[in-house]
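Single-structure report; data block below.
The values are calculated or read from the model by the stated rules, or taken from the named source; none is laboratory data. These numbers were taken from a predicted model, which means no experiment stands behind them. Here Cβ is always computed from backbone atoms with ideal geometry, including for glycine, and neighbour counts include all displayed protein chains. Heads up: the accessible areas ignore ligands, DNA and RNA and are worked out on the full protein's heavy atoms, side chains in. Shrake-Rupley method; radii C 1.70, N 1.55, O 1.52, S 1.80 Å.
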Amino acid sequence: VSMRREVEGLRQLLQDQLSSLAWNDRLRREPVRARVLRDLSELGLASDVARGLTERIPPGTAGGEAWRLALALLMKHVPTVDDGLLTKGGTFAVVGPTGVGKTTTIAKLAARYALMHGARDVALVSLDHYRIGARDQLLTFARILGVPMHVAANARELSGVLASLADRKLVLIDTAGMSPRDDRLAAQFATLAVPAARIRTLLAIAGNSEHLALD
């Protein structure tokens, strides 16, 4: 049994090497595909994913069109999950590092929910008392959507705000962007620890993050 496994392992290794040699030779003959593969790899995609997308590009496709096709294929195959946020509602805090689009994501979710169920059921809350600009941005979104926006600086204030919004079916909480090493991060999570509110946390990350960073 052990020898059979070793033989199978060697056979698989040989097949992989032959396949890799054939693929490399193919790329040498098709520079456009080679360039697309390189660019996809530089985006941080896993090698098998980048190769699979590249293989689906028809031979002879021009450079610019090949790249657009690769991106379209990538978008088509990115899995998405509907966990009921836009149908069942709830209280959600969007967390993540600075610059990933937490506030904009909240605005989009609020807008979609308002279109489906009405603005009367939506409310926004900001915990970002570090950056006035971020809070003003959320307030602008709230005014455009016609929904209330509240500010809370600690768990006690957040508890009071959420209690006043008990009749709202969807409450979205915007948080300050911080790195994992930021000393204020623990305090922010402590603010979200409101047992009666049943706050669910959503992590916002950049869509072009390397796949190793997503694990």
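Sorting 189-195, 56-62 by their mean Cβ neighbour count within 10 Å, with the most densely packed peptide first, gives 189-195, 56-62.
Rolling a 1.4 Å probe across all protein chains gives residue 55 an accessible area of roughly 80 Å².
Computed from the C-beta positions of residue 56 and residue 156 and an R0 of 41 Å, the FRET efficiency is 0.15 to the nearest 0.05.
Subtracting the Cα-Cα distance of residue 6 and residue 206 from 0.36 nm times their residue separation leaves 67.8 nm of extension gain.
Taking amide hydrogens as placed 1.01 Å from N in the peptide plane, the amide H of residue 202 sits under 5 Å from those of 93, 94, 95, each at least 5 positions away in sequence or on another chain.
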